[in-house]
1. Using a Gaussian network model of the chain whose springs link C-alpha atoms within less than 10 Å, name the residue from Ser65, Ser180, Ser213 with the highest mean-square fluctuation.
2. Mind ordering 203-211, 27-35 by average Cβ neighbours within 10 Å, highest first?
3. Relative to the compact-globule scaling 2.2 N^0.38 Å, provide the ratio for the alpha-carbon radius of gyration of region 89-159.
4. Just from its helices, what would the mean residue ellipticity at 222 nm be for the chain, if runs of 4 or more DSSP H residues each count -39500 (n - 2.57) and the sum is divided by every residue, rounded to the nearest 500 deg cm²/dmol?
5. Would you work out the charge dipole size for region 151-200 about its Cα centre, treating the Cβ of every Lys and Arg as +1 and the Cβ of every Asp and Glu as -1, and quote it to the nearest 20 debye?
6. Given Asn59, Asn114, Leu86, which one lies farthest toward the positive end of the charge dipole of region 1-134, if we put +1 on the Cβ of every Lys and Arg and -1 on the Cβ of every Asp and Glu?
7. Hey, rough spin-label estimate for Asn214 and Leu77, points 7 angstrom out along Cα→Cβ, what's it come to in nanometres?
8. Cβ neighbours within 10 Å, averaged per peptide: list 83-92, 166-175 in order, most packed at the top.
Amino acid sequence: ELSTIALYHLDIGMAIRAFQQVKNIGIVHSLQDLQCIEDRNLLVGYLNMYNENYNTAQNLFLKSSNPKAALEMRCDLLQWEQALELAKTLDEDRLPLISKQYAQQLEFICDYGNSLIHYEKAITNLPQFEDHDEQCKGGLARSALHMGDMRRGVKLAQSSSNKRLKIECAEILENLRLYSEAGMLYEQAQNLERAALCYIKLKNWDKVGTLISNLPSSTRLHSQYAKGREGDGYYTE
């Protein structure tokens with residue numbers, strides 16, 4: 001096949017024309033990006049990458065004039081562990097971002113022990129990365145709760161101004177039947193109805209009464225409050 005012969009001889013122009021004839025537009029666009037590359041290792045590295053020979057591609061990239069292409073490839077593939085190792089020597093400034101992305105991937109697959117480790121590593125404590133650090137602390141809070149470190153997780157959630165994080169952590173605590181801590185975080189997130197539901201489960205009627213006074217339209221809560229008070233013998237309430 002003409003395209004295969006052309007690529008074997010690194011004749012990108014001929015390969016493009018061959019693929020155009022068979023209307024393989026995706027490969028044509030990819031090859032067009034390679035036309036100006038003079039570095040043989042870099043060029044062959046990309047060709048191996050397109051053929052999914054990623055380890056060979058990485059070795060060639062590292063020998064080329066643009067070794068960071070290996071790092072970009074691993075990031076594009078979401079292979080964060082390999083990306084971290086490459087970033088240590090190729091681009092240390094990217095380590096916090098890659099650590100965060102790896103931690104997010106680990107959290108998604110419920111590997112909370114390792115996600116906690118990488119969220120910690122990703123925190124920079126630099127003012128220019130405040131948003132990045134807040135995301136990492138949020139992940140740290142969720143991971144800590146999943147790992148059973150309630151004190152740390154709750155403390156991180158409390159110190160955050162992110163209402164979405166407080167609700168996420170409250171949901172984790174509620175699923176663990178830690179209703180007092182969950183209710184507190186729901187309150188801080190101004191989700192008073194869910195906070196009240198947690199306090200109902202604890203039969204903390206004083207707290208429930210305070211909250212439902214701010215929720216006059218929630219007939220469900222008022223009904224549950226009334227049933228709970230009736231069950232405890234407080235008929236007038």
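1. Maximum among the listed residues: Ser213.
2. Values: 203-211: 16.7, 27-35: 14.7.
Peptide ranking by packing, descending: 203-211, 27-35.
3. On the way: Rg = 11.9 Å, N = 71, 2.2 N^0.38 = 11.1 Å.
Output field value: 1.07.
4. Values: 16 runs with 172 residues, N = 237.
Counting only the DSSP helices, I get -22000 deg cm²/dmol.
5. 220
6. Towards the positive end, the residue furthest out is Asn59.
7. 5.2
8. Numbers: 83-92: 16.8, 166-175: 20.9.
Result, highest mean first: 166-175, 83-92.
The values are calculated or read from the model by the stated rules, or taken from the named source; none is laboratory data. Just so you know, these numbers come straight off a predicted model, no measurement behind them. Using ideal geometry, Cβ is built from the backbone for each residue, glycine included, and neighbour counts are taken over all protein chains shown. For the accessible areas, the whole protein counts, side chains as well, though only heavy atoms, and no ligand, DNA or RNA atoms are used. Shrake-Rupley method; radii C 1.70, N 1.55, O 1.52, S 1.80 Å.
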